[in-house]
Amino acid sequence: MTTTYYGKIGFFRIKRKYSKSDRYVSVAKGCIQLPLEALALIGVDVGDKYSVTRGNERGYIVVRKAKSPTAPLLQEPEVIRFQPSFVLEFFGNNAGVSAQEMPLTDISFELVDNVLVWRLPDIVKTSYLQDRKRRVMDSDVDWRDIVRGYHGAAAALAPDAHRNELKGEKSKSVPIPESHMIWLLREEGHRVSQINERLWRLDDSTATLGDLIQLARKYEDGLVLERFTF
C-alpha cells in the first residue's frame with residue numbers, strides 16, 4: 001500500500017554567482033513544507049543532510065538523505081498555521097527546474113524505495129535542455145528526441161554527438177544557430193536582448209556573443225555557434 005502525504009512547494013527567482021567568475025545567473029530557489037512524519041520515514045532528522053534532485057521522469061523531484069559536504073542541514077521544524085512542519089530549501093537547477101516565481105502550492109508525495117517522490121505542479125517550468133542531456137545518455141532514446149529543438153547542421157550532428165557520449169567520449173562539439181542559443185538561455189531563466197551588432201544585454205550586465213556561448217555551455221556541454229569561433 002502506498003503512503004501519501006501532503007505539503008506545499010513554492011519558488012522564487014534569485015541571483016547566484018556563476019562558478020568562480022564575477023558573473024551572476026538567475027536561478028529558482030525552492031521551498032518545501034513537509035509534515036514531521038514524512039522525513040522520519042526516510043531517516044532524516046534535525047541536523048541531518050538532505051538533497052532535493054530531479055527524478056527519473058521529467059517533472060518529478062526526489063528528497064533523500066544526503067552525505068555531500070555541501071548538502072543543507074535539516075533545521076528545527078517551524079509552526080505554520082498551528083502545525084509543526086519542516087521547511088526544506090534547495091536550488092531549482094539541482095532539481096531540473098528553471099528560474100521562476102511560484103507561490104506556495106499544494107503537493108502530494110509518496111514514499112518510494114526510501115525516498116520521497118512527487119510530481120511538480122503543471123505550472124512549474126522544468127529545464128528542457130538539462131532534461132534532454134539526461135535522455136541522450138540512455139541508449140534506448142528515440143532518435144527523434146535527440147534532434148528535436150535543433151535545426152540545419154546542428155540537427156545533422158546531434159545523433160553523432162549522442163553516439164560519442166554512449167562510447168564514453170568526454171568531449172563533443174555541437175554547432176547551434178545563434179537563435180537557438182538565445183532560446184536556450186531564455187529557457188534557463190536569463191533575460192537576453194541585443195544592443196547592437198557586437199553587444200548584448202544579459203540579465204543586468206553587458207555581454208559579448210562569446211560571453212553568451214560560454215554561459216550556454218553551462219547547460220549544454222560542447223556548444224559552438226555555427227560559423228563562429230572564439
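Here are the numbers for the structure shown:
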{"quantity": "Residues of the stretch 1-18 classified as closer than 19 Å to Asn93 by Cβ, at pLDDT below 90 and touching a helix residue (DSSP H, G or I) at 6+ places or on another chain (Cβ under 8 Å), total", "calculated": "1"}
{"quantity": "Residue in the stretch 152-166 that is closer than 23 Å to Ala28 by Cβ and either within 23 Å of the chain's Cα centre (by Cα) or at pLDDT 60 or above (or both) present", "calculated": "no"}
{"quantity": "Pair list, Cβ under 7 Å, 6 or more apart: the stretch 195-218 residue more than 16 Å from Pro177 (Cα to Cα), other residue surrounded by 11 or more Cβ atoms within 10 Å (Cβ to Cβ) and of a type in the set (Lys, Arg)", "calculated": "Ile195/Arg201; Asp203/Arg191"}
{"quantity": "When residues of the stretch 198-213 are limited to those that are acidic (Asp, Glu) and closer than 22 Å to Gln100 by Cβ, the one surrounded by the most Cβ atoms within 10 Å (Cβ to Cβ)", "calculated": "Asp203"}
{"quantity": "Scan of the stretch 35-64 for residues that are in contact (Cβ under 8 Å) with a residue 60 or more places away in the chain and either closer than 16 Å to Pro121 by Cα or in contact with a Cys (Cβ under 6 Å, 6 or more places away or on another chain) (or both), ordered by number", "calculated": "Arg54, Gly55, Arg58, Gly59, Tyr60"}
{"quantity": "Of all residues in the stretch 45-76 being of a type in the set (Asp, Glu) and at pLDDT 90 or above, the one that is surrounded by the fewest Cβ atoms within 10 Å (Cβ to Cβ)", "calculated": "Glu76"}
{"quantity": "Answer from Val27, Val52 - the residue that is under 19 Å from Glu187 (Cα atoms) and under 21 Å from the mean Cα position of the chain (by Cα)", "calculated": "Val27"}
{"quantity": "Scan of the stretch 199-208 for residues that are in a loop (DSSP other than H, G, I, E, B) and either on the phi > 0 side of the Ramachandran plot or modelled with pLDDT of 85 or more (or both), ordered by number", "calculated": "Asp203"}
{"quantity": "Residues of the stretch 176-216 classified as of a type in the set (Phe, Trp, Tyr) and more than 23 Å from the chain's Cα centre (by Cα), total", "calculated": "1"}
{"quantity": "Filtered residue count, the stretch 182-197, keeping only those that are at pLDDT 85 or above and surrounded by fewer than 17 Cβ atoms within 10 Å (Cβ to Cβ)", "calculated": "5"}
{"quantity": "Phe82, sole failed condition from (1) surrounded by 13 or more Cβ atoms within 10 Å (Cβ to Cβ); (2) over 27 Å from Glu188 (Cβ atoms); (3) aromatic (Phe, Trp, Tyr)", "calculated": "(1)"}
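The values are calculated or read from the model by the stated rules, or taken from the named source; none is laboratory data. Because the structure is a prediction, the values reported are computed rather than measured. Glycine also receives a Cβ, built like all others from the backbone with ideal geometry; neighbour counts cover every protein chain displayed.
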